[in-house]
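J.: One structure follows; several queries about it will come next.
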Amino acid sequence: MAQRLNRFVDRKREPHPNDEIAIGRCIFSKRDIQVMYIDQGVGIEEMAKRIGVGRRRANHILDRFSIPKSWKSELTPRRLRVLQFIRRYQKKYHQSPLLIEISNGLGISNVHYHLTQLKKHGYIDWDHKHRSIQILKMR
């Protein structure tokens, strides 16, 4: 049975146009959707049930927040988030992030493991030195 998330809206507050979406009396942030869909590995239909919308609207929400809808088997949802974080960081700062910056940015503690797995599957080149991560391929 699907568990519906309850985030009731303060009637005086409107959702932030870029980071939140109002569904009924609830507001969901981009982070809420990412945690549900990517970190918990919930499918589109299950996500739609949890937030109380149809499959078509759930697809629209994923598109709006630029959340990919399919995964490769070796690229788990969390590793994809690590890879996307590195790409965005490199684009913004013109250098690779430190492990602590990835950890703080994504709220995860096992960054070293995910980087090792990304290297093993050929997504990054990393020689375990500061700011040495290079992206070799993106999905």
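The values are calculated or read from the model by the stated rules, or taken from the named source; none is laboratory data. This one's a predicted model, so the numbers in the text were calculated from it and none came from an experiment. All Cβ positions, even for glycine, are placed from backbone atoms using ideal geometry, and neighbour counts span all protein chains on display.
J.: Give me a count of the residues in the stretch 93-113 that are more than 11 Å from ARG131 (Cβ to Cβ) and part of a loop (DSSP other than H, G, I, E, B). Break it down stepwise before answering.
T.: Taking the stretch 93-113 first, the residues more than 11 Å from ARG131 (Cβ to Cβ) are 100, 102-113.
With part of a loop (DSSP other than H, G, I, E, B) added as a condition, the list becomes 107-110.
Matching residues across the stretch 93-113 total 4.
J.: What pairs can you find where one residue is in the stretch 58-83 and modelled with pLDDT under 80, the other is crowded, with 18+ Cβ neighbours inside 10 Å and part of a loop (DSSP other than H, G, I, E, B), and their Cβ atoms are less than 9 Å apart, with a gap of 6+ or different chains?
T.: Within 9 Å, the pairs are GLU74/TYR123; LEU75/TYR123.
J.: Of everything in the stretch 44-67, what is under 14 Å from the mean Cα position of the chain (by Cα) and exposed (fewer than 15 other Cβ atoms within 10 Å of the Cβ)? Give them in sequence order.
T.: Hits for the stretch 44-67 are ASP63, ARG64, SER66.
J.: Right, something else. Could we say that ILE38 is at pLDDT 90 or above, surrounded by 13 or more Cβ atoms within 10 Å (Cβ to Cβ), closer than 26 Å to PRO17 by Cα and β-branched (Val, Ile, Thr) here?
T.: Numbers: at pLDDT 90 or above: no; surrounded by 13 or more Cβ atoms within 10 Å (Cβ to Cβ): yes; closer than 26 Å to PRO17 by Cα: yes; β-branched (Val, Ile, Thr): yes.
No; evaluated as a whole, the condition is false for this residue.
J.: Output the number of residues of the stretch 114-139 satisfying the condition of being assigned to a helix (DSSP H, G or I) and over 24 Å from ILE33 (Cα atoms).
T.: As a first pass, look at the stretch 114-139 and keep what is assigned to a helix (DSSP H, G or I): 114-120.
Of the ones still in play, those that are also over 24 Å from ILE33 (Cα atoms) are 116-117, 119-120.
So the answer is 4.
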